[in-house]
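First up is the structure itself, then whatever we jot down about it.
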């Protein structure tokens, strides 16, 4: 356990970051008193909702009305609960569809729901982006906030422009781009591409206020240093070096090769990996059975070895990990199903196993992820897009184990970008290749230095 000096320095460090966040929320509220658009970039686990709630508190004190657009019903319900706790009963309203089928009741707090008329007076009205887009008569609001804004395409943002002339968009630019089902080729050279994330287009086309949150409160110190390459702004971790670690009881024989070594690595580093050898013959399947077995074995072995987590910055000491504290992420549903089928039956309902898209906004003490390029010997632009890698590498609070076939380093070295993007557009393949190589190089160096 770190000594008192380290504890004191850590507390001062977090007090400084907390003061920065308080000032950012106050500054955002001040800038929103006149027609304006602000884009707030956030690293993973940086307190996006905390910032949103603080802005709403300023607005309610000033007797203003605020609209909040979330991208999913689950996000909207979570925001409502946080708001009800912080600003009090009777000042939060949940906008639902007319048939009431789009969301379960918001439980555990006093939140009014409505499908049509919004109550008068100072109020925060929370609904999904889809609900706001379908409203015929725009409600009277003084400020509009967009939660998880990088998950919103520009086309979804445009209908909201009719509500007011003050907007604050808050989100994580490292997340997976908005999912658009229609073909997008016709818009690739557009100055206002409707399929791209709204904050990206607004930052390029408008004079917007640009602010970034200062730190991730979720990620350990060395993980924050690693994933900073995915972002175009600086941030740090609220946890100082050496303030978080995982411990496991003594290893016994009988596990998948490399699993115990990876788990023991988490006592000194926040990221480890399990490499699965290439097969002697034949190709690699997307639902790679050996990789799925290794991922499932990592989860089972962590519990068998009685994993405990310590986080000095969160006042957590030797917390015994339960199945619910461990998560598994993969890029494709077929791999998700393969991992589930390899897990012991008693763990399948407690360990969350999902694609990367469904992990956005969530966290676990220990994450096990299947590298998005594992078993893919000829990755294309979709595969090299780093949103999935960034999401999967940033869900853990204490430790992450990356499971993969061992070919990834050689595969990345063999890719030559051909600059096939439309004229004037960024080279997404080259950018993704650079970030994938840096991530894999870090894992190589971490293992050599262990």
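The values are calculated or read from the model by the stated rules, or taken from the named source; none is laboratory data. All figures in this text were calculated on a predicted structure; none of them were measured in a lab. No Cβ is skipped: glycine too gets one built from the backbone with ideal geometry, and neighbour counts run over all protein chains shown.
The condition of being outside the structural domain of residue 388 (by TED's automatic domain parsing) and out of contact with any strand residue (DSSP E or B) (no Cβ under 8 Å at 6 or more places or on another chain) holds for residue 189. Can you confirm whether the stretch 316-324 contains a residue that is loosely packed, with under 15 Cβ neighbours inside 10 Å and closer than 21 Å to residue 370 by Cβ? Yes, the stretch 316-324 contains at least one residue that is loosely packed, with under 15 Cβ neighbours inside 10 Å and closer than 21 Å to residue 370 by Cβ. The residue of the stretch 88-115 that is modelled with the lowest pLDDT, among those that are touching a helix residue (DSSP H, G or I) at 6+ places or on another chain (Cβ under 8 Å) and surrounded by 20 or more Cβ atoms within 10 Å (Cβ to Cβ), is 103. Out of everything in the stretch 411-443 that is part of a helix (DSSP H, G or I) and within 22 Å of residue 191 (Cβ to Cβ), what residue ends up being modelled with the highest pLDDT? Here the answer is 431. Considering 327, 258, the condition of being over 21 Å from residue 363 (Cα atoms) and in contact with a helix residue (DSSP H, G or I) (Cβ under 9 Å, 6 or more places away or on another chain) is satisfied by 258 alone.
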